[in-house]
Amino acid sequence: MRITEKCVRTGSWFGHNLCMALRQSQLDRLRGGSFDVLVVGGGINGAVTSAALAGRGASVALVDRGDFGHFTSQESSNLVWGGFKYLENYEFLLVFKLCRSRNRLMKAYPDNIKEISFLASLDHSSPFPPWFAGLGALGYWGIGQFGTRYPRLLSAEKIRDEEPVIDTTDVRGGIEYRDAYLVDNDSRFVFSFVRSALEAGATAANYVELVSADRVGDKWVAQLRDVDSGEEFTTSARVIVNAAGPFVDSLNQQWGVATDHRIVYSKGIHLVVPRLTTDDHQRVLAFFDDTQRLFYVIPMGMRSVIGTTDTRMDEPFSEVTDDDRNFLLEQINARLNLRQPLTPADVIAERCGVRPLVVKSGGGDQKEVDWTSLSRKHAIEADKRMRLVTVFGGKLTDCLNVGEEVAAEVEKLGVPLERDLKNWYGEPAAATRAEFYRQAKLIRLDSLRTKPDVEPLSDRLWRRYGRRAFTMLEAIRDDPRMGEDIMENADYLRVELHQAATTELITRLEDFMRRRSKIEQVVRDEDIRSSAGLDEVARILFGDDADRRLKEYLEA
C-alpha cells in the first residue's frame, strides 16, 4: 500500500512530515536534473504552461520562489469573464477571444466554474444610459457566441424587486448579463494545473528561487536555491519559459534579452465582508464608482467580496491602504440599503495585488502610459538565439490559450511535443463523476453534515479533488472521524487535511490556509488563531515539524 493511501485511510501521520516528503522527492529530481523546459514562475501562466507541456510529453521542471499562485494569482476577483468593459475601448477581438476561453473553461470545469448573473445598476452619474448598456450586453452575448443565458434590460423597480439591498433612489435602470466565476478560490485553481503537470510526469517545487541562469553550449544551466533550507543546486534545460508575472522584465534584463513588450502595474484591492445580498440567488452586483470605474459585490459563500480598485503602481509590491479601504466602503455604503453602514471593523479579510498590464517597449516610462485604457491581454515572445519564451500579462480566463501558445513556441525552439489531446486540463469524465456520487450515496456522505447553509459534502469533495475523492470516501467509510470538520468556522474535513498533506506540496501552513483552501479569506484572523483545531491541522500536515510551522504561521 502506498504511503498516500495508508495515511489517508488510517488517519495516521506517524510523526513524519508528509508534506515535505513529497516536496523532497521533487527537489531530488531537480538537483542535477536535465529537462526539456524549465518554467520559472508558478502563477496561472507558469502552472498552465507546465501542464500543457507535460501533457504533450515534454520533460518539465516548474519552480517558484514562493508558493504556487502566491502573488498576483491569489488576488483576483475569482471571476472567469470575457471582459464586458473592454467593449468601451472597441477591443472586440480581445472580447471574442476571452469569451471563447470562458466558454471552454465552463465546459471543461462544469463543477468548478459556474455561470453567474451580473446585475449592473446605472444611476444618473453613470457614463451610459440603461438602453445603451443593454445594447452593449446584447452585443456581448453575441460576441460570446451565445455561450450563456441571454441578457436583460431592467427598470429601477425590477432591480428593487430582485435585489432589495440595492438603493434605487437615484437608479435609472440597469442590465443583467452573464459570465462565470470560480466556486472555490483562484490559487486552488492554479494548483489544479500544477497537479495535472505532476500527474503527467513533471517536476514541480515551490519555495525554489532562480538565483541565476546562463546559456552553456546548447542548454541553460540554472542555479537554484531552496528558500526553505537555503541549499543551492543546479539543474539544466534546453528551453526556459519566463512566466514570472510582474517580474518578467527584471528576469529578462538579467539575461540581457530585449523584448517588444514590457509590463506596467495597476493595483487592485478587494474587501471580504459578511454577506450583503438578501437572498440565496448567486449574483454579482455591479456599479460605477464616483470616478466612473466599475466595481463589484461578488458572492463567496456566506461572504461578499467588494472590489476592485485601479491604482497606478511603479513596482509590483502593493498593500491595502486606509484610503483604499475607505474609498471602497464609502462607495458601497452609498449604493446599498444596509441596516448599518460598513466600517473597517466589518472587513474579514483583504486581497491586494497588481495586474501586470502589457505595453509596447521603447519610448517613455511607466508614468507616461495611459494605463486606465489598458486591457488584460497577454503577449508571448520567443528568443530563438537564447531558447527563451516570455509570457507577458494575461488573466485567469485566458489561461488555456496561454498554455497552447507557449507550447507552440517551445515546439518551434526544437522541443518535440506529442499531439495535443486536450487531456491536460478539465474535470474527469461524466461517467467517473456519476460513479463517485453513487458511492457517496451508499455511505450516506451528505448526511454527515450538521452545519446550516453549507453545500453537500459530495459536491464539495468531487469539485475539489476529482478522482482523488474516491480514496477519501474509503477513508471515511473505514473511520467516520475522517468525515468530521477539523476547525470551527472552516469547512474542511479531517480527511481533506490528510489528502492535502500527501498530494498538494504544502511547505508552510499559510499555503494551506490561504491558497489550497480559502480559510483565511472567509474566517477572521482572530478566530483562526483561537481555533482548537488549528494545532491538529498543523500536526496532520507537518507531523513532528508541526510546532515550528505553527509558530512560524502565528508570528507572521
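Values in this text are rule-based calculations from the coordinates and carry no lab data. Since this is a predicted model, take the numbers as computed values, not measurements. Neighbour counts are summed over all protein chains in view; Cβ atoms, including those assigned to glycine, are modelled from backbone coordinates with ideal geometry.
Results, tabulated for the structure shown:
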{"item": "Inter-part distance where the range 191-237 and the range 282-296 are each reduced to a Cα centre, Å", "result": "41"}
{"item": "Label-point separation in nm, GLU330 to ASP544, each point 7 Å along Cα→Cβ", "result": "5.7"}
{"item": "Within-11-Å neighbourhood charge of GLY69 [Cβ basis; K, R +1; D, E -1]", "result": "-1"}
{"item": "Given LYS267/LYS422; LYS97/LYS219; LYS377/LYS518; LYS85/LYS518; LYS114/LYS518, the pairs whose alpha carbons are separated by over 23 Å", "result": "LYS267/LYS422; LYS97/LYS219; LYS377/LYS518; LYS85/LYS518"}
{"item": "Kirkwood hydrodynamic radius of the range 108-187, from inverse mean 1/r over distinct Cα pairs, in Å", "result": "13.7"}
{"item": "The range 430-555 shape via C-alpha gyration tensor axes, a/c threshold 1.5", "result": "prolate"}
{"item": "Label assignment, mean projected area of the Cα convex hull in nm² derived from the structure, set [x] 25.1; [y] 40.5; [z] 23.1", "result": "[x]"}
{"item": "Helix-derived mean residue ellipticity, 222 nm - over the chain, DSSP H n ≥ 4, -39500 (n - 2.57), to 500", "result": "-10000 deg cm²/dmol"}
{"item": "Residue exposure sequence - HIS378, HIS281 - by fewest surrounding Cβ within 10 Å", "result": "HIS281, HIS378"}
{"item": "Residues TRP131, TRP81, sorted so that the one with the fewest Cβ neighbours within 10 Å comes first", "result": "TRP131, TRP81"}
{"item": "Cα-Cα pairs of the range 387-455 separated by more than 13 Å (percent)", "result": "77"}
